[in-house]
């Protein structure tokens, strides 16, 4: 098409160019998408085990914990209340101390073991927690042995039945601690991936014109506006080549700079690069076409 025919096409007004700029910004926003949702990242990091296996392990641990806790707790209640009653013969006080002994020994093992998963970040803290866990385990072992073994000192099973429950409580607490650590690591990885996605979304939406393919979106928006402004000359529009569209878009880019003598080379270069380079997938939403595909 000759230069005279291009000049016969109606140029855009300032308002139409501004509308095209807004349309290009909106196209960038649509291409970037909505703000990432936290729920979409709940399963971003896969666990080493299927959720069903993890739930099964947790369920079995709770069952084992209750099974080991029951005989040990009974013996600790007895030894705690009787030992305290020898000095303070008060039934209510003896019952309270018996319960406190159970909590100190058995629950203390579990609490200090699980606390290592979340609070054992420094050497001092870890030493303190390990010492506390050792004290709780010692109370549980000594209390169980003192109650279970009198009259059964020669029975191997009596020794095993006295020592095994508090040790099993400690081992089960360790398994639960490892499960808790895996859960914490997964949650942290999911949160980190979510924050990275939000940061990328914010940087892309804060200034659409800083998008690496902004000129592609803007050129498509200008072309759509030129088509709309010259909708009565559809036959002439269908005959336009890529070079013609490049010239028309460049004319609109320079329309507001008529008072300035120097030509803005950067925009010319960007438009040329838009035509020469392969279109980016994100630009597909900008009016459904690219500058280097003139016919629609």
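The values are calculated or read from the model by the stated rules, or taken from the named source; none is laboratory data. For clarity, every value in this text was computed on a predicted model and none was experimentally measured. Methodologically, a virtual Cβ is constructed for each residue, glycine included, from the backbone with ideal geometry; neighbour enumeration extends over all protein chains shown.
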- Task: Determine, yes or no, whether residue 110 is under 20 Å from residue 67 (Cβ atoms) and without any contact (Cβ under 8 Å) to a residue 24 or more places away in the chain.
- Result: no
- Query: Is it the case that residue 232 is exposed (fewer than 15 other Cβ atoms within 10 Å of the Cβ), more than 30 Å from residue 45 (Cβ to Cβ) and either without any contact (Cβ under 8 Å) to a residue 24 or more places away in the chain or more than 37 Å from the chain's Cα centre (by Cα) (or both)?
  - Reply: yes
- Message: Based on this model, can you work out whether residue 45 counts as under 30 Å from residue 190 (Cβ atoms) and not in a helix (DSSP H, G or I)?
- Response: yes
- Checklist (1) surrounded by 15 or more Cβ atoms within 10 Å (Cβ to Cβ); (2) more than 27 Å from residue 187 (Cα to Cα) applied to residue 96, failing item: (1)
- Query: Is region 139-162 home to any residue that is closer than 19 Å to residue 177 by Cβ, surrounded by 15 or more Cβ atoms within 10 Å (Cβ to Cβ) and within 50 Å of the chain's Cα centre (by Cα)?
  - Reply: yes
- Task: Any residue in region 33-61 that's assigned by TED's automatic domain parsing to the domain that holds residue 189: show its pairings with residues that are part of a loop (DSSP other than H, G, I, E, B) and surrounded by 12 or more Cβ atoms within 10 Å (Cβ to Cβ) at Cβ separation under 7 Å, as long as the two are six or more apart or on different chains.
- Result: 54/47
- Log entry, pairs with first residue in region 182-199 being in contact (Cβ under 8 Å) with a residue 60 or more places away in the chain, second being surrounded by 15 or more Cβ atoms within 10 Å (Cβ to Cβ) and outside any helix (DSSP H, G or I), beta carbons closer than 6 Å, six or more apart or on different chains, reads 186/45; 189/45; 190/45; 197/36; 198/36
- Task: Look through 67, 86, 73 and report the one residue that is surrounded by fewer than 12 Cβ atoms within 10 Å (Cβ to Cβ) and in the same structural domain as residue 110 (by TED's automatic domain parsing).
- Result: 86
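Does residue 129 satisfy the criteria of being within 43 Å of the chain's Cα centre (by Cα), surrounded by 14 or more Cβ atoms within 10 Å (Cβ to Cβ), closer than 30 Å to residue 48 by Cβ and free of Cβ contacts under 8 Å to residues at least 24 places away in the same chain?
It is true that residue 129 is within 43 Å of the chain's Cα centre (by Cα), surrounded by 14 or more Cβ atoms within 10 Å (Cβ to Cβ), closer than 30 Å to residue 48 by Cβ and free of Cβ contacts under 8 Å to residues at least 24 places away in the same chain.
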- Of the numbered conditions (1) surrounded by 12 or more Cβ atoms within 10 Å (Cβ to Cβ); (2) in contact with a helix residue (DSSP H, G or I) (Cβ under 9 Å, 6 or more places away or on another chain), residue 37 satisfies every one except a single condition; which is it? (1)
